[in-house]
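We did not get these values from a lab; they are worked out from the coordinates using the rules stated. Given the structure is predicted, the values throughout are model-derived calculations rather than measurements. No Cβ is skipped: glycine too gets one built from the backbone with ideal geometry, and neighbour counts run over all protein chains shown.
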Amino acid sequence: QVQLVESGGGLVQVGGSLRLSCAASGSIFSIYAMSWYRQAPGKQRELVAVITSSGSTNYADSVKGRFTISRDNAKRTVYLQMNSLKPEDTAVYYCMLSRGSYNSWGQGTQVTVSS
């Protein structure tokens, strides 16, 4: 079982930036697709961004042009750079590792954008 640990969340003002990190245990990381999800209070968890094992990326429409997902396979870490943050970005952010039917989730990190 691959374990994931997120970090980098916090409180930021509208228009500010944060960078989330998600570090994976284990020796094999590059074969997995990595995703960031978020869940706001009272709402369903939603996909924010995904990066495949080959480095292709995809984003939710709500974050395109503001968020950037990247990965460092040598460090077994995926990042989410979040710029121009809005109050509606407030949520718990989770990273997920997946390959085929296998997936593993991190514990989540809170991001709060204050106006």
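Do any strands (runs of 3 or more DSSP E) lying entirely in the stretch 1-110 carry at least 1 residues that are free of Cβ contacts under 8 Å to residues at least 60 places away in the same chain, and which ones are they? Explain how you work it out, then say what you get.
Working: elements: 4-7, 10-13, 18-24, 33-39, 46-51, 57-59, 67-72, 77-82, 91-99, 102-105.
Those strands (runs of 3 or more DSSP E) span 18-24, 33-39, 46-51, 57-59, 67-72, 77-82, 91-99, 102-105.
The residue list Arg45, Arg71 contains one member that is within 12 Å of Leu97 (Cβ to Cβ) and surrounded by 14 or more Cβ atoms within 10 Å (Cβ to Cβ), which is Arg71. Selection over the stretch 1-48 of residues that are under 23 Å from Leu85 (Cα atoms) and among the β-branched types (Val, Ile, Thr) gives a count of 4.
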